[in-house]
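Read the figures in this text as sums done on the coordinates, not as results from a lab. What you are looking at is a predicted structure, and each value in this text was computed from that prediction instead of being measured. Here Cβ is always computed from backbone atoms with ideal geometry, including for glycine, and neighbour counts include all displayed protein chains.
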Amino acid sequence: MMVDWFYNEYLQHLLESLVDPKKRVSFGYLIFAAMIGLAWSAFMSRNSWRNGFSQGLRKLFGKRVLFSRSARADYKILLLNHGFLLLITPFILSKVALTTSLFFLLHEVLPSGSAYFSSIPFWTVSVIYTLFLFVLDDFSRYIVHAALHRIPFLWAFHKIHHSAETLSPFTVYRTHPIEAVIFTFRGIIVQSSCIALFVFIFGEKVDLVTIYGVNVLLFIFNLSGSNLRHSHIPISYGRALERIFVSPAQHQIHHSIKRCHHDKNFGAALAVWDYLFGSLHLSEKNMHLTFGIKNRSKMRSHNLATLYIHPFVEAFREIKVLFRKHEEIKKDIINVT
């Protein structure tokens, strides 16, 4: 039975993710990212384009990048988390169930809007829905990402991602299972809310504008080099565009150990949220970044047992501190009264 599950579920889903356009590490996206990265390196080289191209090859495919201790930990975490998420998926909140519940809830508290918007063309509704879902999804990613940094017991789990000392496209999967579950719930809540709201307002006209089954805006984001965010090629979009879109260089700044780079550039695709909430950091020329965690954290060992278990220890410690502070505040209030 275990062997059947491994071949029919685990291995099949794992291999499908390499060709599924809904996954960022799909071969097509990886190939386009490599082409963009190599072209950038060649074009931006201070010497000859050949020298720049060679440097790009080393930064993308060099042994120190793809086979470092940090990278090997990335691959192991990816494989373990893939199995974990497959096992818990049947027990996670159903998107269909939540969408249905929200739809009926809207019907109970508000008058249906489908009659008022029946004259709006199908394509217009599709464009609005596609754009709204993309923006809301991106905003929710910003909020959750910022919370993972700024709430101490959540940072204990997110720290596993920032413990990466070399970056590759597969570093995106270097997450603690607790964080993976948080982002899974985030996606379900956002998508269910969007579907329920738009079906309630527009009725059966709601449909997503897609390419190969992927939100067209997400497809463009992935195809235009999103995998280079976790790389050593600092592609900048320029100061004006980096206030709107998150460049690979900006996300690399987010991974930097420099104090001035901490808690900056939380955005996924859009930098607008960072700009509005004061966490934006524009890329700079000739950046020399070091990635990882600066203090002597146990995370630096890249040991799987440590990476998976130690965050629970840290989180428990932070929760104890939180309760202690709460009790002290209660005592102060009682003493005052």
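Taking region 247-294 as the range and being outside any loop (DSSP other than H, G, I, E, B) and among the acidic types (Asp, Glu) as the test, only Asp274 passes. Each residue in region 40-56 was checked for being surrounded by fewer than 17 Cβ atoms within 10 Å (Cβ to Cβ), of a type in the set (S, T, N, Q) and either touching a residue at least 12 places away in the same chain (Cβ under 8 Å) or not in a helix (DSSP H, G or I) (or both), and 3 pass. Selection of region 214-230 for residues being more than 15 Å from the chain's Cα centre (by Cα) and assigned to a loop (DSSP other than H, G, I, E, B) yields only Ser224.
Would you call Ile188 out of contact with any helix residue (DSSP H, G or I) (no Cβ under 6 Å at 6 or more places or on another chain) and either within 20 Å of Ala268 (Cα to Cα) or not basic (Lys, Arg) (or both)?
It is false that Ile188 is out of contact with any helix residue (DSSP H, G or I) (no Cβ under 6 Å at 6 or more places or on another chain) and either within 20 Å of Ala268 (Cα to Cα) or not basic (Lys, Arg) (or both).
Taking residues in region 253-282 that are touching a residue at least 40 places away in the same chain (Cβ under 8 Å) and of a type in the set (A, V, I, L, M), and partners anywhere that are part of a loop (DSSP other than H, G, I, E, B) and surrounded by fewer than 16 Cβ atoms within 10 Å (Cβ to Cβ), the pairs with Cβ atoms closer than 7 Å and at least 6 places apart or on different chains are Leu270/Ile244; Leu282/Arg239. Within region 50-95, how many residues are touching a helix residue (DSSP H, G or I) at 6+ places or on another chain (Cβ under 8 Å), within 30 Å of Asp4 (Cβ to Cβ) and among the hydrophobic types (A, V, I, L, M, F, W, C)? Result for region 50-95: 11.
Of all residues in region 150-201, those being in a loop (DSSP other than H, G, I, E, B) and small (Gly, Ala, Ser) number 3.
Screening the candidates Ala180, Ala240 for the property of being out of contact with any Asp or Glu (no Cβ under 6 Å at 6 or more places or on another chain) and either buried (at least 22 other Cβ atoms within 10 Å of the Cβ) or more than 16 Å from His145 (Cα to Cα) (or both) yields one hit, Ala240.
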